[in-house]
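The values are calculated or read from the model by the stated rules, or taken from the named source; none is laboratory data. Nothing here was measured: the structure is a model prediction, and the numbers come from that model. Here Cβ is always computed from backbone atoms with ideal geometry, including for glycine, and neighbour counts include all displayed protein chains.
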């Protein structure tokens, strides 16, 4: 059995000096933190904010390839948790390829799913083993940071690369977060 989830937010995870993508059960109260690297967190944050980049990032490239071969991402599935490592797959369907599952890191799978607006599913066993209830004391060791650091890094890079329109959008997003 697979449980539908959605990306709720990205938070900073001090013990690992990386980020956690919080997946929230759509029809329930459980949340699943998935640790991801900085690059993947940035890519996921950009997809969550529907921000365009001047050139395709790796996760955009995957979407472009699927489109060009007339294939569709049916779903992303997080299927297993072994020795603290999550395993995922991209479930593909197309005219020129048979239905197939492609092994993927969950971080990459999430970034692609957000870009292609594909469902994200978590296996029941994985959810039962690693999810936590949203009870107010959620996610010990995970600190709320709504992507502000990621956006500030992107702003600096946009200014450095003289992409002023993108920099203005990032500046406005940062201002919205800081005033809310």
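Counting only residues that are surrounded by 15 or more Cβ atoms within 10 Å (Cβ to Cβ), within 24 Å of residue 20 (Cα to Cα) and touching a helix residue (DSSP H, G or I) at 6+ places or on another chain (Cβ under 8 Å), the range 78-101 holds 8 of them.
All conditions in (1) outside any loop (DSSP other than H, G, I, E, B); (2) within 18 Å of the chain's Cα centre (by Cα); (3) free of Cβ contacts under 8 Å to residues at least 60 places away in the same chain hold for residue 93, with the sole exception of (2).
Answer with yes or no whether residue 138 is within 19 Å of residue 25 (Cβ to Cβ) and modelled with pLDDT under 75.
yes
Confirm whether residue 110 is in a helix (DSSP H, G or I) and either buried (at least 16 other Cβ atoms within 10 Å of the Cβ) or modelled with pLDDT under 90 (or both). Yes; evaluated as a whole, the condition is true for this residue. Mind checking whether some residue in the range 19-31 is in contact with a strand residue (DSSP E or B) (Cβ under 6 Å, 6 or more places away or on another chain) and within 27 Å of residue 163 (Cα to Cα)? Checked the range 19-31: at least one residue is in contact with a strand residue (DSSP E or B) (Cβ under 6 Å, 6 or more places away or on another chain) and within 27 Å of residue 163 (Cα to Cα).
Scanning the range 9-30 for residues that are surrounded by fewer than 16 Cβ atoms within 10 Å (Cβ to Cβ) and assigned to a strand (DSSP E or B) returns a single hit, 18.
Being over 28 Å from residue 168 (Cα atoms) and assigned to a strand (DSSP E or B) is the filter here; which residues of the range 31-71 pass it?
Hits for the range 31-71 are 31, 32, 33, 34, 35, 71.
Considering every residue within the range 40-49, establish whether at least one is buried (at least 19 other Cβ atoms within 10 Å of the Cβ) and either more than 27 Å from residue 166 (Cβ to Cβ) or not assigned by TED's automatic domain parsing to the domain that holds residue 113 (or both). Within the range 40-49, not a single residue is buried (at least 19 other Cβ atoms within 10 Å of the Cβ) and either more than 27 Å from residue 166 (Cβ to Cβ) or not assigned by TED's automatic domain parsing to the domain that holds residue 113 (or both).
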